[in-house]
Amino acid sequence: MEPILTAATAVLAITALVNWIARSINLPSPIVLVVAGAILALAPGLPRIALPPDLVLLVFLPPLIQVERDHVNGSLRSGRINDEIRRRIERELDLREEAIRRSIESAGNTPAARA
């Protein structure tokens, strides 16, 4: 039980630190968290964790996209992005959401999901 508690405490501490860094450099937290996660994944000596792709698609990706959409909407309200760029960004986010929706629907039609 102690290794799990130690790992959970370390993850919470790293997450809090990365969020603080993201705020101080004025970047969206999910982007900085993904970069920090990639750096930790490449660090030698740490255990490898394999996540199923469905878990990433269903649990981790939607909040990242939502936070990015909120960040873009905040930039739009403040007038930092012109209309052409705004339309392109909104279209790209809509396409990503549609791709995720299709992935989820197709994952529900697999034999393993029906079992």
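What dipole magnitude, in Debye to the nearest 20, does the chain give about its Cα centre under +1 on Lys/Arg Cβ and -1 on Asp/Glu Cβ?
On the way: 13 positive and 12 negative charges, 30 e Å.
Here the size comes out at about 140 debye.
Based on C-alpha pairs under 8 angstrom that are at least 6 apart in sequence, the chain has a relative contact order of 19 percent.
Select from Gly74, Gly45, Gly37 the residue whose mean-square fluctuation is largest in a Gaussian network model of the chain (Cα-Cα springs shorter than 10 Å). Maximum among the listed residues: Gly45.
Modelled label positions at Ala43 and Ile21, each set 7 Å beyond Cα in the direction of Cβ, lie 1.0 nm from each other. The calculated Kirkwood hydrodynamic radius for the chain is 17.0 Å, given to one decimal from all distinct C-alpha pairs.
Laboratory data are not the source of any read-out in this text; all were calculated from the coordinates shown. From a predicted model like this one, the values you see are computed outputs, not experimental measurements. Cβ coordinates were reconstructed from backbone atoms using ideal geometry, including for glycine residues, and neighbour counts include every protein chain displayed.
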